[in-house]
Amino acid sequence: MDLTYPPEVADFRRELRAWLAAELPAAWAAPGFWTTLGEDESFDLRRDWERRRALAGFGGIDWPTEYGGRGGSPTMAALADAELARARAPRSVNPLGLTFLAPTVMAVGTPEQKAGILAPMLRNDVIWCQGFSEPESGSDLGSVRTRGERDGDDFLVHGQKVWTTSARHADRMFALVRTDPAASRHRGLSLLLIDLRSPGVEVRPIRQLSGISEFGEVFFTDVRVPAADCVGGLGNGWATAMLLLSFERGASAMGQYTDFRRAYDQIVEVARALGRDRDPSVRQSLARRLVELECLRYHALHVLTEVERGRDLGFASSVTKLQWSQAYQGLFDTFDEVLGADVGLDHPLGEFGESGGLDLTALRRESFWTRSVTIWGGSSQIQRSIVAERVLGLPNTRLA
């Protein structure tokens, strides 16, 4: 792998750091700031911030300039993610669109779709969510039941999606829909773009253990979707979805590593403040997490090197998803171990908390959130099967 940055990438990092220093409000990086805001207020601030960042030339770093991007390299995009995390800039409100749908549309979308989707997405004029999971279709996307019946130039969509991230604030959804019930389970699917403001759409927020409603369930009753809003070709939804998921699973984890490493440092501070850093079991757990995070960093650099050399990761992209999700969940397993039973309390622990410069509320919420990361985007069990069979060439031992 290549551990160095070319001069143009180093120049870009200096430019981005200078812009962040001038434009990112200092209060936003203070411990506890975002937990004091309501969900709608937080969303509006982040949406406007991300729009301004894109207009300043720091959005769509590796997108072609014809779509409003900067035309930079994958390394520049990964470095931007890391710098944003380092500066504690707010996370994207449009990650599903920007990271997954956008490169899919660039690869297989029609000229009309590219013109109508990409620039508004980059400016956050349109917020996207993903409609894959259903009540009886999680990791097994081939069992999707939401159906689209052809009606002239449109489809009438009926069904339900669940565990839909950002459903509450999204304007549109890219959804896997069964458009040919007579075809085999993997051949009768299409990826449709659905306007969530259309008649017949109902969005119900799902309140999570952390107290926020990031997920939602979406119901469709005779929702009219133009056939022109099918990405990747009618009946080709399975291949399009696999392409889309390859962007999700194969993205560089540099930004994630930076976020996780900061959380690790905070957990170490919590352990010291509580005297738990003298517990041999806790010390061993913290050491193990640090090793896992550093392995994640080197794997992210390996992925960047491969992508810069023009190599297609293919099924090996599942390694990245498996590695970061397991490392992230394990990190907060250690946080739970440090706090013990107090991990479920949504207030400072004794006199520790703000006085220690830490935001325990945010750490606790993040701990709850990490319970889900080994499930969405392809469960760890599925990722291990893909790596075993498609990367290592091991035999399929699952029961028929």
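Count Lys and Arg as plus one, Asp and Glu as minus one, and take only other residues whose Cβ is under 13 Å from that of residue 113; the net charge is then 0.
In the chain, helical runs assigned H by DSSP with n ≥ 4 each contribute -39500 (n - 2.57); averaged across all residues and rounded to the nearest 500, the mean residue ellipticity at 222 nm is -14000 deg cm²/dmol.
The simple Förster model, with R0 at 30 Å and r as the Cβ-Cβ distance, assigns residue 396 and residue 302 a FRET efficiency of 0.65. The peptide list 8-15, 146-153, 168-175, put in order of mean Cβ contacts within 10 Å with the highest first, becomes 168-175, 146-153, 8-15. Residues in the chain average 47 Å² of solvent-accessible surface per residue, probe 1.4 Å, ligands and nucleic acids excluded. Once the chain from residue 221 to residue 265 is taken as fully extended at 0.36 nm per residue, the excess over their C-alpha distance is 11.0 nm.
Take the convex hull of the alpha carbons in the range 41-115; its mean projected area over all directions comes to 5.2 nm². Using a/c under 1.5 as the rounded threshold, could you call the range 161-253 rounded, prolate or oblate? The axes a ≥ b ≥ c are square roots of the C-alpha gyration tensor eigenvalues, and prolate needs a/b larger than b/c, oblate otherwise. Taking the square roots of the gyration eigenvalues as a ≥ b ≥ c, the range 161-253 is oblate. Taking the chain as a Gaussian network, where each spring joins two C-alpha atoms under 10 Å apart, which residue of 367, 133, 143 fluctuates the most? It is 143. For the range 182-281, the relative contact order is 28 percent, taking Cα pairs closer than 8 Å that sit 6 or more residues apart in sequence and dividing their mean separation by the residue count. Computed 3J(HN,Hα) for the range 372-380, one whole-Hz value per residue from the Karplus formula 6.51 cos²θ - 1.76 cosθ + 1.60 where θ = phi - 60°, is 8, 5, 8, 10, 6, x, x, 4, 4, glycine and proline marked x. Couplings for the range 225-236, taken from phi via the Karplus curve 6.51 cos²θ - 1.76 cosθ + 1.60 with θ = phi - 60°, read 10, x, 4, 5, 8, 10, 9, x, x, 4, x, 10 Hz in order; Gly and Pro are left as x. For the range 1-138, rounded, prolate or oblate, judged on the Cα gyration tensor with a ≥ b ≥ c (square roots of eigenvalues), a/c < 1.5 rounded, else prolate if a/b > b/c? Oblate, since a/c reaches 1.5 and b/c is not below a/b.
Assign one of three labels to the range 16-61, namely rounded, prolate or oblate, based on the Cα gyration tensor with a ≥ b ≥ c the square roots of its eigenvalues; rounded applies when a/c is under 1.5, prolate when it is not and a/b is larger than b/c, and oblate otherwise. It comes out oblate by the Cα gyration axes. Ligands, DNA and RNA left out, the accessible area of the chain computed with a 1.4 Å probe is 52% carbon and sulfur. Full extension of the chain segment joining residue 9 with residue 195 gains 63.2 nm, where the gain is 0.36 nm per residue of separation less the Cα-Cα distance.
Taking a label point 7 Å from the Cα of residue 165 along the Cα→Cβ vector, which residues of the range 102-142 have an amide N closer than 11 Å to it? Output list for this probe position: 129-130. By DSSP, the beta bridges lying fully in the chain are antiparallel in about 85 percent of cases.
Under a crude label model (7 Å from the Cα following the beta-carbon direction), how far is residue 380 from residue 288 in nanometres? Between residue 380 and residue 288, the label points sit 1.1 nm apart. Only one residue of 208, 133, 165 has its Cα farthest out toward the positive end of the dipole of the range 133-210, where Lys and Arg carry +1 and Asp and Glu -1 on Cβ, and that residue is 208. Pairwise Cα distances in the chain exceed 25 Å for 60 percent of all pairs. Taken over the C-alpha atoms, the range 163-209 has Rg and Dmax values of 13.4, 40 angstrom.
The values are calculated or read from the model by the stated rules, or taken from the named source; none is laboratory data. All of these numbers come straight from a predicted model, not from anything done at the bench. FYI the Cβ positions are ideal-geometry reconstructions off the backbone, even for glycines, and counts take in every protein chain you see. Side chains are part of the model used for accessible areas, which takes the heavy atoms of the whole protein and leaves out ligands, DNA and RNA. Shrake-Rupley method; radii C 1.70, N 1.55, O 1.52, S 1.80 Å.
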